[in-house]
Each structure stands twice: as structure tokens, then as C-alpha cells.
Amino acid sequence: MSIKIALAGNPNSGKTTLFNALTGSNQFVGNWPGVTVEKKEGKIKGHSSKDDEVILVDLPGIYSLSPYTLEEVVSRNFLLDEKPNAIINIIDGSNLERNLYLTTQLVELGIPVIVAVNMMDIVRKNGDKLDTQKLSKELGCEVTEISALKSEGINDLIEKAIRVAKSGKKMVAQHSFEGSVEHALAHIEEAVLHDMPESEQRFLAIKLFERDDKVIERLNLDSRIISHIEADIKNCEDELDDDSESIITSERYAYIASIIGSCYTKRNKGKLTVTDKIDKVVTNRWLALPIFAIVMIIVYYVSVSTVGTWATDWANDGLFGDGWHLFGIGSSQYDDAVSEYAENEVFLPEVKTALEGANEAGITGADELLAAAEDKDFGAFEEAYGSYGEELAVKENGKYDITPMLPIDEEGEFSDTPDPADYGVWVPGIPVLVENGLVAVNCADWLQGLILDGIVGGVGAVLGFVPQMIVLFIFLAFLEACGYMARIAFIMDRIFRKFGLSGKSFIPMLIGSGCGVPGVMASRTIENERDRRMTIMTTTFIPCGAKLPIIALISAALFNGTWWVAPSAYFLGIAAIIVSGIMLKKTKMFAGDPAPFVMELPAYHMPTVGNILRSMWERASSFIKRAGTIILLSSIIIWAGSCFGIVDGIFTFSADMELEDSILGIVGNAICWIFSPLGFGNIKATIATIMGLVAKEEVVGVFGVLDFEGMTSLAGYAFLAFNLLCAPCFAAIGAIRREMNNPKWTAFAIAYQCVFAYAVSLMIYQIGSIFTGGLNIIGLIAAIIVAAFIIYMLVKPYKAADKLTLKTKAKA
Amino acid sequence: MQTLKDAVIGQTVKVKRLHGEGAVKRRIMDMGITKGVDVHIRKVAPLGDPIEVTVRGYELSIRKADAEMIEIE
């Protein structure tokens, strides 16, 4: 016979640590049916054989069994519907009073409960004493001491739990409420619940007394019975001068207060704990913000600027690129060889003279090339040449054309550059290895293209993000586990809640300025579902690293590199978040559920390495699994769209297909009218926007500098605004899908981003046209209507909801 | 009516009654702020809201708008 045990407890009670200690690696992470709350199950280590399994179900961390939060409703439904054989209730021994509040509710369910008092090592260290035997007697269930962190008392706990589960003895709650409440409860049981199993009556009676709408719905009571018991409830409320829900809550706490005095002795009352001391500094009125800034700078510097970038570059250019030098052996010799090559072949005096002339003549890109030449940076020079070489060749009748002076082959690449494989220990990248293999077996061109560019490229796109994510997730896991994350919410709450976001939304947005994919994934730390969804939807508005080349390109090509273009892009992103937050929180989709504004600031403690690594790995692997499929699939589709096409009326495949001839180009041509009201209704801009879905920097690849000839700067800025705000790249869409965990919400997020981008772009172009001439009356009217709607949404009053509207499925 | 919002930092006050209804009220009570309990006001967040209080031996952060629902003696 298999046994099912539920693990319940407050957040921060050490529940995750205990779950990991009990189940080891036998965990299955899924979702509760119908909702996006994560469900973890596992087989208990050392107690599960084939026909005698002990399954532990980890309930969400909850404070109560109220009908108001999703987690609590999910937990309640599980306990009522699936009737586990026992409940392990983990409580934090150093915070006994509030933790026992949930216990008083769990023991009413009739399911056998075993209480595990965690963090007993801290309790003892503080010199406090807990009489578990006395507590056990008062509660009417087994109470055992554990330390989940040090794995103390775990075996004893699980043996007791299995024994209790197998005994099948129903739990009977020992506490009773005030006389008049008990009187009303007895009436309710008699009137409504007499034909239910006796062990379940108590819980349901209390819930009916509280007028719990979810239980009333569940029992399907007719209005006659409801009005009958309503009279009892009302009498009791009048007598105690409070509403029924508050009466029960107060009674529970009063009961806990009455038993705690005899079981628990606190030695150092009023003495400052370690947490108090840390908080004196960390959440100090003056020091909190500077400390927060320093922590954020460290997180950003390590996970975005340094280690994260190294890891991502290695994954993209090494593992999924040409290859890399093992442990960097040979890197410096190779770099020297490249410098020597550049010095002798590229940075020649006549090249510099030509560039200086071009720079004075004001040719776009000449300054960048010149700067690279002066810095002797061959990599930057090569890249700039790729972007601007053509421009130099044609401007001013080719007076400043540097191409004939350089060792450039017919394909426009630098020839005879040093081969990195000749230096040190060179490990070829996966694409190189696969290509060699495919060439060796004489694979067909299109199949080779599919495997290399479609599949390997797509897998690379997924895995390329993982190393950086691992670095970030280690940080997040640490900040969460040590208790600082709750302080971040405390410090930043005031700013973010105005936009329907949480104080914890700061981290996703900060990381999002580096890369939107880990940014979106970082939103996991936000418990409140509504805040989390809002954060996921708006994080990618912040310009990420891959959008910088677009900004640079537009600013160089159309604004002569004016200083304000780049800052304005960030300003646009922040404004988009604020405006979206204020608008969305008033929509039906977001106004639906009440958000609890009351938050615990847990005690600080040092997390274990094992727990941090496990949390990191859970998140990284769920990105690979659940975001990976969508990224891979869409990479292949875009690859196919760009390589198959119609040349001279014949459907053909070519790896070097001109974009205009490809299927992508044909689609782009067909839909480019959509962008006419935004000022960039041409095929190139449309294809660039589609390619931006693969990766935002692809926009630049499609668009040479020359392609902007004839485009006004206003249209260019509208193009920039659209590409910054519209649907992010497929990798980020995959991350959004993973975090939303719901197809409808993913689609809504992407659609909202596109519509919002379109609206902003439309307003910029049409309203801007008033000042630059070329005014279009219809377009202007449309833009003004959009602007008026946005302003209306911004000023419309906001009303918070009071009830959880979500319907959860009763059965899996 | 004196509410928790009006209390000064460092003060310990006794809760007299909770106003309001539904989710927010229940949440506040679930967290242990019930009639008759002592609440110690620890500090105010650097930006002026929320406030940090000690109740039933642990630290709780609560927004001023919600603290206004808590009547104190």
C-alpha cells in the first residue's frame, strides 16, 4: 500500500530544506491542477520500495487556510479532496506563536498531524526552552524536534509520520472556542453536516461559520439552509461584537497564547538577536538605500558585466561557435599573432589617413573605424568594417575607400588572419565538429543547413543563456535564502507598488538591462502572482544588451550619433513599464485578485551550499526544459524561412538566399503595410523586425547603414521605439512562457507588448509629423485617440478587489 | 480614533479593534494582529512606507494604508 503524506508549514519555516532532506533527488516538480502554483512531490528516501511507496507532497508555504490566496486555496483543496494519510506540519521553533496558528487549522481537518518543530538548535542557542511533550499533549498530536539544516531528528520524524499514517487514527482537535461560538458550531453541524463523516465536520462547520464562500460553494447548500445557519452566526457576532471570521482568528490566537506559556520559556526577553543587529544597519533609514545599491551593483557586475558575460561568450562563441582555447592555453599567443597581423596588414598609415579624411568629411562610421584603428583593436575594426566599409567605398566618389588597401577577399572578409587552432590547445566548437561530420558523410546541402543552422544553432541559442543564468540564480537563491530578498521588497515597496509591481521587481528589471531572459526568470522570487505576471510582462521593455546595437545603428545612421538617442531609449523603456503598470493594474485581468500587503521579514540565516545549488539547478533545468522547446522550434522555422525562397519563379533552397527572395522576405513584403502608419512600411524594415524575434541584434544584420537613405529621422526613431518595445526575442518569449506557465497569459503578454509598441510608435510618428511636416490627418486622429485612451487609463481610479475570483479545479 | 499609522517609532501599542473587511483584514489577522495583542513599532522604510512592526515575537512589514485599519488604544 502506498502512503501519501503532505508537508505543510509557513513560508521560511525550513520546509524546502526538510523536503530536500527527506526526498533527496527523488523529486518531481509539476503544477497544481488548473493553476500556476508549483507542486513538488517526492518519494521518501529509504522508506520506499516498489509496492510500499511513501510519497511526500510539498504544499505551498502558507500562513493560514483562508479562501483569499491562491496558495491557501490550493492547499485546502488538496487536503480536503485527496485526503493524504498524514500531514507533517513543520513549524519554526523560534517563531512558535504564529506558526502554531496554521497548526490549529490543520488539526481540525481530521487527518492525522505530526508537528515537526524546526530550528531547535537556534532555540537552544538562545537559551529558550520548549517542552515538546507538553505541547504534544495540548495539541493532541505527536510533536518532534528536528533541525532540517543539520538533518537532525529527520529519521525519527519520518518513522513517526509513517506510523501515524498507517494507524489511520483520525485527528481530533483539542482546542475549543468561546461558548457562544461552540454553540453556533454545534448548530451548524446539526443542521448541515450531520450526514458527513464525523472527522470532517469540525473543519467544515468552522468554515461555514466564517461564511467561507468556497466551502459554501463546495457543499452546494441551498439558500434555505444558509439563511437558517445565518441566524446562529449573527447571534454569535452580536454577542461578541465582531464579524465571525475575526472571532475565529482571535480565538485561535487566544488559544495559542494560553498554551504557549506552559510549554515555552524565553530566557532573554528584549535582548537583541543577530537579525535585529543586522537589520539595525541593513534596513536603517539612511543606510538601507546605499547598501541596497551596493548589493545590486555586485549582483549586476558579477552576473551581467563580468562572470556572466564570460560564461555567455564562451557558450556562444566557443562551445556553439568556432571553438575555444582549453583553459585559455594559447589565447595570449593567438592574441599576439592577431595584433601583429593587424599592425602589418591592416592599421597601415594610408588606411589611417583615409579614415581621418573620411571622419572630417563626416561619413557615418568613419569615427568608429578610426577609433578602433587608434586603439589597435582588430576585433572592433573588423566589426565596424563589416557595418560601414560599403558606406566608405561609395561616399564622396570613393575618395576614402579603404577596401583596396586591406587584405580583403572576394567575400568581403579579411584574408590570411591567424587561425586560433594553430595556437595552444584548441577545442573546436560543436557546430564545427558537426559540420565536419556532415561533410564527411556527404550530407545534402539543405539537410546540413537544417542540422547546423536550424537545430544546432537553435540548441545553442537555448543553452547559450544557461551559464549566465546559473550565475544569476546562485545570487538569487542566496539573497532569498538568507532573508535579504524580503528586505528588498520592504525597501523598494513604496516606488513599485504604484505601478502594480512588487519591490522585488527591481531585480528582474536590473538584470533585464543586461539580458531579458535571465531578467524574466528572476521574477520567480515574487510570491504574489499578480505582481509576478506584471513584472514578467514589463521586464523586457528595458533595453537589453542585444538592443544596444539597434540603438547605436539608428543613432549613427539618422541622428549623427547625437547623445540623447541612447538615454532616451532607456527613458522610453522605464516610461513603458510605469505606464503599462498603471494601466494594466486597472484591467479586469489584474484587478481580479486581492494582494496581501502584509509581509513577514524573516530572520537572517546562512543558507547551505546544497540548497542554493539545488534551487539554482531547479530553475536552470526548468528553463532548458520548458523554454527550450519554443526557442528551438522557432529558430528552425525562421531558419527555414530565410533559406527557402523563390528565385526566378522557382522554389529553391540556398544557404545564401537573398532576404528579399526568401519566404521570410515574401511574408515581410505581404505584411509591411502594417507598419506604414509608423513610417517604416518598407520590406527591409519589416524583415528586420521579424528577424529581431530570433535575436534583437539581427535587426542590425539585416539593416546596413545604407538602407536608411530616404528614411526620415522621425521614422527611424519610430522604428527604434517599435523594436525596443515589441515582442522580445524567442529566447525571452520562451522564458515568459516558462514563468507565466500558462499559454493564455503568455499570448496575452506578447500581444500586449506588440500592441503597446505599435501604439507608442504610432504616436511618435504621427504626432511628430506635425512638427516635421508631412502631416496625415487620419493618422493623427488615430494617434490622438490612442493617446487619449492611454491618458484615460492612467487617471481612471483604481479599486482593489476583495475576493479571490479564481476558480480552482476540485480534482486533478 | 487612533490607528497604528499614527503610532510613533519605538512605541508599543495594544490593538483595540480591526476595521475593514475581506481579504486584507483576514490577512492582517492571520499574521497575528488581533484584538488585544501588543504591537511594537520598529521602524519606517527609507522611503517613508511601509512600516516594520514586531508582533507575537517576529517582524512584520505593513503598509501605512493598511495600518490605518488597525485601531489602537
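Among the residues that make up the stretch A:145-161, is at least one of them acidic (Asp, Glu), outside any loop (DSSP other than H, G, I, E, B), within 25 Å of A:Ile260 (Cβ to Cβ) and open to solvent by 80 Å² or more (accessible area, probe 1.4 Å)? Reasoning before the result, please.
The first filter runs over the stretch A:145-161 and keeps only residues acidic (Asp, Glu), leaving A:145, A:152, A:156, A:159.
Those left that are additionally outside any loop (DSSP other than H, G, I, E, B): A:145, A:152, A:156, A:159.
Filter once more, keeping what is within 25 Å of A:Ile260 (Cβ to Cβ): A:145, A:152, A:156.
When the remaining residues are screened for being open to solvent by 80 Å² or more (accessible area, probe 1.4 Å), the result is A:152.
Looking for residues that are acidic (Asp, Glu), outside any loop (DSSP other than H, G, I, E, B), within 25 Å of A:Ile260 (Cβ to Cβ) and open to solvent by 80 Å² or more (accessible area, probe 1.4 Å), one finds at least one in the stretch A:145-161, hence yes.
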Picked from the stretch A:736-777 (must be among the aromatic types (Phe, Trp, Tyr) and more than 18 Å from A:Asn723 (Cβ to Cβ)), the residue surrounded by the fewest Cβ atoms within 10 Å (Cβ to Cβ) is A:Phe771
Take the residues of the stretch A:673-696 that are in contact with a Phe, Trp or Tyr (Cβ under 8 Å, 6 or more places away or on another chain) and assigned to a helix (DSSP H, G or I): which is surrounded by the most Cβ atoms within 10 Å (Cβ to Cβ)? A:Ala685
Given (1) within 14 Å of chain B (Cβ to nearest Cβ); (2) closer than 27 Å to A:Ile630 by Cα, identify the lone condition not met by A:Phe597. (2)
Quickly run through the stretch A:111-132 and pick out the residues that are crowded, with 19+ Cβ neighbours inside 10 Å and more than 38 Å from the chain's Cα centre (by Cα). A:Leu130
For residues that are open to solvent by 20 Å² or more (accessible area, probe 1.4 Å) and of a type outside the set (Ser, Thr, Tyr), tally how many sit in the stretch A:617-632. 8
Can you pull out every residue in the stretch A:82-112 that is part of a strand (DSSP E or B) and within 14 Å of chain B (Cβ to nearest Cβ)? A:Ile91, A:Asp92
Only one of these is farther than 21 Å from A:Glu190 by Cα, among the acidic types (Asp, Glu) and part of a loop (DSSP other than H, G, I, E, B): A:Asp238, A:Asp242. Name it. A:Asp242
Conditions: (1) modelled with pLDDT under 85; (2) of a type in the set (A, V, I, L, M); (3) crowded, with 18+ Cβ neighbours inside 10 Å. A:Val282 meets all but one. Number of the miss? (1)
Given the options A:Ser199, A:Ser227, A:Ser180, name the one that is among the hydroxyl-bearing types (Ser, Thr, Tyr) and open to solvent by 40 Å² or more (accessible area, probe 1.4 Å). A:Ser227
Exactly one condition in (1) away from chain B (no Cβ under 14 Å); (2) open to solvent by less than 20 Å² (accessible area, probe 1.4 Å); (3) at pLDDT 85 or above; (4) outside any strand (DSSP E or B) is not met by A:Pro602; state its number. (1)
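Has the stretch A:427-443 got any residue that is free of Cβ contacts under 8 Å to residues at least 60 places away in the same chain and among the charged types (D, E, K, R)? Please lay out each step first, then the result.
At the first step, the residues of the stretch A:427-443 found to be free of Cβ contacts under 8 Å to residues at least 60 places away in the same chain are A:433-443.
Still in the running and among the charged types (D, E, K, R): A:435.
Within the stretch A:427-443 (the criterion being free of Cβ contacts under 8 Å to residues at least 60 places away in the same chain and among the charged types (D, E, K, R)), the answer is yes, since at least one residue qualifies.
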Of (1) open to solvent by 50 Å² or more (accessible area, probe 1.4 Å); (2) modelled with pLDDT under 80; (3) touching a helix residue (DSSP H, G or I) at 6+ places or on another chain (Cβ under 8 Å); (4) not aliphatic (A, V, I, L, M), A:Asn397 satisfies all except one. Which? (3)
If we ask which residues in the stretch A:480-495 are at the interface with chain B (Cβ under 8 Å from one of its Cβ atoms) and either over 9 Å from B:Ala45 (Cβ atoms) or not in a helix (DSSP H, G or I) (or both), their number turns out to be 3
The condition from (1) part of a helix (DSSP H, G or I); (2) more than 14 Å from every other protein chain (Cβ to nearest Cβ) that A:Glu251 misses is numbered (2)
Return the pairs, sorted by first residue and then second, in which the second residue is open to solvent by 40 Å² or more (accessible area, probe 1.4 Å) and modelled with pLDDT under 95, the first residue lies in the stretch A:738-752 and is under 18 Å from A:Thr535 (Cβ atoms), the beta carbons are less than 7 Å apart, and the residues are 6+ apart or on different chains. A:Arg738/A:Arg626; A:Glu739/A:Arg524; A:Asn741/A:Asn31; A:Thr746/A:Arg737
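Here's the yes/no breakdown for (1) touching a Cys at 6+ places or on another chain (Cβ under 8 Å); (2) β-branched (Val, Ile, Thr):
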site	(1), (2)
A:Ser502	no, no
A:Gly512	yes, no
A:Asn528	no, no
A:Asp531	no, no
A:Cys544	yes, no
A:Ile550	no, yes
A:Ala566	no, no
A:Leu572	no, no
Select from the stretch A:1-16 the residues that are at pLDDT below 90 and in a helix (DSSP H, G or I) and list them in ascending order. A:Thr16
List, please: which pairs have Cβ atoms under 6 Å, are six or more places apart or on different chains, and start with a residue in the stretch A:772-790 that is touching a residue at least 40 places away in the same chain (Cβ under 8 Å) and end with one that is surrounded by 12 or more Cβ atoms within 10 Å (Cβ to Cβ)? A:Thr772/A:Leu714; A:Gly779/A:Pro677; A:Gly779/A:Gln766
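Do the conditions hold for B:Arg56, that is, is it of a type in the set (D, E, K, R) and surrounded by 21 or more Cβ atoms within 10 Å (Cβ to Cβ)? Walk me through it before giving the result.
Values: of a type in the set (D, E, K, R): yes; surrounded by 21 or more Cβ atoms within 10 Å (Cβ to Cβ): yes.
Spelling it out, B:Arg56 is indeed of a type in the set (D, E, K, R) and surrounded by 21 or more Cβ atoms within 10 Å (Cβ to Cβ).
So how many residues does the stretch A:633-672 have that are outside any strand (DSSP E or B) and either within 20 Å of A:Leu720 (Cβ to Cβ) or open to solvent by less than 50 Å² (accessible area, probe 1.4 Å) (or both)?
Result for the stretch A:633-672: 17.
Does the stretch A:332-343 contain at least one residue that is part of a helix (DSSP H, G or I), farther than 30 Å from A:Lys395 by Cα and small (Gly, Ala, Ser)? Don't jump to the end; show me each part of the working.
Narrowing the stretch A:332-343 to residues part of a helix (DSSP H, G or I): A:332-343.
Next cut, farther than 30 Å from A:Lys395 by Cα only: A:332-337, A:340.
From what's left, small (Gly, Ala, Ser): A:332, A:337.
Taking every residue of the stretch A:332-343 in turn, at least one turns out to be part of a helix (DSSP H, G or I), farther than 30 Å from A:Lys395 by Cα and small (Gly, Ala, Ser).
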Can you find a residue in the stretch A:226-235 that is more than 14 Å from chain B (Cβ to nearest Cβ), farther than 17 Å from A:Ser180 by Cβ and assigned to a loop (DSSP other than H, G, I, E, B)? no
Would it be correct to say that A:Tyr253 is open to solvent by 20 Å² or more (accessible area, probe 1.4 Å) and either in contact (Cβ under 8 Å) with a residue 12 or more places away in the chain or in contact with a strand residue (DSSP E or B) (Cβ under 7 Å, 6 or more places away or on another chain) (or both)? no
Output the residues belonging to the stretch B:1-36 that are in contact with a strand residue (DSSP E or B) (Cβ under 8 Å, 6 or more places away or on another chain), among the hydrophobic types (A, V, I, L, M, F, W, C) and facing another protein chain (nearest Cβ under 7 Å). B:Leu18, B:Ile28, B:Met29, B:Met31
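The values are calculated or read from the model by the stated rules, or taken from the named source; none is laboratory data. What you are looking at is a predicted structure, and each value in this text was computed from that prediction instead of being measured. As a convention, Cβ positions derive from the backbone with ideal geometry for all residues, glycine included, and neighbour counts pool all protein chains shown. Side chains included, ligands, DNA and RNA excluded: accessible areas come from the protein's heavy atoms. Shrake-Rupley method; radii C 1.70, N 1.55, O 1.52, S 1.80 Å.
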